[in-house]
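What follows is a short report on a single structure.
Bear in mind that the values in this text are calculations on the coordinates, not laboratory data. Note that this is a predicted model, so its numbers are computed, not measured. Positions of Cβ are backbone-derived with ideal geometry, glycine not excepted, and every protein chain shown enters the neighbour counts.
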Amino acid sequence: MGSNPHKHLARVEVDSIYGGPLPFPLCQVAEDCLESFLQLQADLARAGGRLVLSDLFRPYYLQEELKRRKPRLALAPLRSFHCAGRAMDVTLGAVGLEYPRLREIMAGHHWFPLLSGREPWHFQRTRDVGPGRRFTSVAEAVRWVSNDR
Ligand SMILES: [Zn+2]
């Protein structure tokens, strides 16, 4: 129908590992995370670093493709915070800050790495997802931004 498959997303300008700004459609966050994202960028800059990403928002079809290529590493789209516009993969070597400092600044804006300690570059914003929160599940958060499913 030519309608946008996505909603409730805000476009951001952020450096990427690809040698320029993160391209569309990756360069989007859930609209209710925009303020936190912008403050995070500003705080990292104030601390002498900069936010550089390889991934942010991932459309449903891209996550499906990733899941096909890396079935053991990638999550199904309805389980991925990336598909909800609530996760980012930080290019750690380009940030210019020690990891503990990065984590501290991230945490100040409610972006956290996985509890498992796997994928230390992956930060997600979980505070609105879970029992009694804004979204009861990741799937619900994904559906809020995506008309695909
Ligand atoms: Zn990730």
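Data for the structure
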read-out: Where Rh is the Kirkwood radius over Cα pairs, Rg/Rh for region 97-149; value: 1.06
read-out: Check: the chain dipole with +1 on Lys, Arg Cβ and -1 on Asp, Glu Cβ, in debye; value: 500 debye
read-out: Residue with peak Gaussian network fluctuation, the chain [Cα springs, cutoff 10 Å], from A87, A42, A139; value: A42
read-out: Most mobile of L75, L22, L40 in a GNM of the chain (Cα contacts under 10 Å); value: L75
read-out: The chain: most fluctuating residue of Q41, Q124, Q28 per GNM, C-alpha cutoff 10 Å; value: Q41
read-out: Calculated on alpha-carbon atoms, Rg and Dmax of region 9-145 in Å; value: 14.1, 41
read-out: DSSP-loop chymotrypsin sites (Phe, Trp or Tyr not before Pro) across region 1-97, with at most 16 other Cβ within 10 angstrom; value: Y18
read-out: Selection of GluC sites (Glu not before Pro), region 16-109, meeting DSSP coil and at most 11 other Cβ within 10 Å; value: E98
read-out: Over the chain: helical MRE at 222 nm, DSSP H runs n ≥ 4 each giving -39500 (n - 2.57), nearest 500; value: -8500 deg cm²/dmol
